[in-house]
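Below: one structure, written as structure tokens.
The values are calculated or read from the model by the stated rules, or taken from the named source; none is laboratory data. Since we're looking at a predicted model, the values are computed, not measured. Here the Cβ is made from the backbone with ideal geometry for all residues, glycine too, and neighbour counts use every protein chain on show. Note: accessible area is taken over every heavy atom of the protein model, side chains too, but ligands, DNA and RNA are not part of it. Shrake-Rupley method; radii C 1.70, N 1.55, O 1.52, S 1.80 Å.
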Amino acid sequence: MPTPSMEDYLERIYKLIEEKGYARVSDIAEALEVHPSSVTKMVQKLDKKEYLVYEKYRGLVLTTKGKKVGKRLVYRHELLEDFLDLIGVDHTYIYNDVEGIEHHLSWDAIDRIGDVVQYFQENRDRVDTLKEIQKNNA
Ligand SMILES: [Mn+2]
């Protein structure tokens, strides 16, 4: 099981590769707001754990295991953003809230939240009903 910090890196690397086709140490450092030397250290650790293959001058490539985990982590982040959005959380809080909770939920909880998101997405009247409750509670 990757640590929260490893998860942040894998999530970011997966997204960078998805968006740009590659992930350089400098890109990762910028995206995570950390020093490039920290990135190099973590990338070596992820290499040792077989999430990626890192060659100093050729960059890094996710392994099958790294891709699988990265994809799941990006999905988890996006699902939690959708969830907080659906339940009406102010957009200015959503990103930081997700960063705060994403590493601390079981995959069971993630899947159950997935059910709730589906429940609302399948019938937008349900969102209106929730908004009605929230209006009365405000
Ligand atoms: Mn995240």
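A few notes on this one:
- Members of region 68-123 that are more than 17 Å from residue 4 (Cα to Cα) and in a loop (DSSP other than H, G, I, E, B): 87, 88, 89, 90, 122, 123
- Scanning region 95-125 for residues that are within 11 Å of the ligand (Cβ to nearest atom) and of a type outside the set (Phe, Trp, Tyr) yields 96, 97, 98, 99, 100, 101, 102, 103.
- Pick from region 58-81, criterion farther than 17 Å from residue 8 by Cβ and open to solvent by less than 80 Å² (accessible area, probe 1.4 Å), ranking: nearest to the ligand (Cβ to nearest atom): 63
- Each residue in region 1-20 was checked for being farther than 17 Å from residue 100 by Cβ, acidic (Asp, Glu) and either without any contact (Cβ under 8 Å) to a residue 40 or more places away in the chain or within 12 Å of the ligand (Cβ to nearest atom) (or both), and 1 pass.
Yes/no per residue for (1) free of Cβ contacts under 8 Å to residues at least 40 places away in the same chain; (2) out of contact with any Gly (no Cβ under 9 Å at 6 or more places or on another chain); (3) open to solvent by 60 Å² or more (accessible area, probe 1.4 Å); (4) acidic (Asp, Glu):
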site: 56; (1), (2), (3), (4): yes, yes, yes, no
site: 83; (1), (2), (3), (4): yes, no, no, no
site: 88; (1), (2), (3), (4): no, yes, no, no
site: 108; (1), (2), (3), (4): yes, yes, yes, yes
site: 130; (1), (2), (3), (4): no, no, no, no
site: 133; (1), (2), (3), (4): yes, yes, yes, no
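- When we screen 31, 23 for residues that are away from the ligand (no atom under 13 Å from the Cβ) and not β-branched (Val, Ile, Thr), the only hit is 23.
- You will find that of 15, 49, the residue that is open to solvent by 50 Å² or more (accessible area, probe 1.4 Å), closer than 28 Å to residue 94 by Cβ and either at pLDDT 95 or above or touching a Leu at 6+ places or on another chain (Cβ under 8 Å) (or both) is 15 and no other.
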